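The values are calculated or read from the model by the stated rules, or taken from the named source; none is laboratory data. Model, not experiment: these values are computed from the prediction. Cβ placement follows ideal geometry from the backbone for every residue including glycine, while neighbour counts extend to all protein chains displayed.
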Amino acid sequence: MCQSYKRQCECGRNTAEIFFGNMLLNESAVAAVFCPECSHAYQDINPAQVWDNGWVLELDLDVVRPHAATFGLSKAGVTAEWVFDAGYATWVGITPDDTERRNRERDALQHLARTDLRAYIEAMKNWGIERERRFSDEGWRKMRPRSAMGL
């Protein structure tokens, strides 16, 4: 079973939910999370950081690199971007707050389930399609083609 972990960003105003795929990593792999409000001070290129729409997930590569052989990489080849894009330490869903956002959006449609099931099914279908389009337009990493990520 895979696990997730909620981590407040460095300024304390936002929270990201991080997913650890294949049960290799855990919260000890996360060094810091920066939301768009607090990430502006960290513009340096850093192999321990992955940027996604202004959010930054910084990993502790000393914790991650011992798993390099499992990833099929050399220790020097391990970067936060690769780990994130491969799903070993990534957002739960598409965005850092996707679980909460998704639940709020779906809850807004639940009244239809009790009154008009056909309208509810149509609304859910349209919501899902629009949601994917919105995330893609916003440029979230997980909406990029896998070939663009080098995986």
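Yes/no per residue for (1) in the same structural domain as LEU25 (by TED's automatic domain parsing); (2) modelled with pLDDT of 95 or more; (3) over 19 Å from the mean Cα position of the chain (by Cα); (4) under 22 Å from SER28 (Cα atoms):
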| position | (1), (2), (3), (4) |
| --- | --- |
| ARG65 | yes, yes, yes, yes |
| LEU73 | yes, yes, yes, yes |
| THR79 | yes, yes, no, yes |
| TRP82 | yes, yes, no, yes |
| ASP85 | yes, yes, no, yes |
| THR90 | yes, yes, no, yes |
| ARG106 | no, no, yes, no |
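Filtering the stretch 26-50 down to residues that are buried (at least 19 other Cβ atoms within 10 Å of the Cβ) and modelled with pLDDT under 95, which residue is nearest to ASP85 (Cα to Cα)? So that I can check it myself, show each step before the final result.
If we filter the stretch 26-50 for residues that are buried (at least 19 other Cβ atoms within 10 Å of the Cβ), which is where we start, we get 29-30, 33-35, 38-39, 48-50.
Next cut, modelled with pLDDT under 95 only: 38-39.
Values: CYS38: 22, SER39: 20 Å.
This residue is SER39.
Being surrounded by fewer than 16 Cβ atoms within 10 Å (Cβ to Cβ), β-branched (Val, Ile, Thr) and in contact with a helix residue (DSSP H, G or I) (Cβ under 9 Å, 6 or more places away or on another chain) is true for just one of THR115, THR70. Which residue is that? Please lay out each step first, then the result.
Values: THR115 fails: in contact with a helix residue (DSSP H, G or I) (Cβ under 9 Å, 6 or more places away or on another chain).
The unique qualifying residue is THR70.
Working only within the stretch 9-25, note down all residues that are surrounded by 14 or more Cβ atoms within 10 Å (Cβ to Cβ) and either closer than 16 Å to TRP82 by Cβ or under 16 Å from the mean Cα position of the chain (by Cα) (or both). Correct list: CYS9, ASN14, THR15, ALA16, GLU17, ILE18, PHE19, PHE20, GLY21, LEU24, LEU25.
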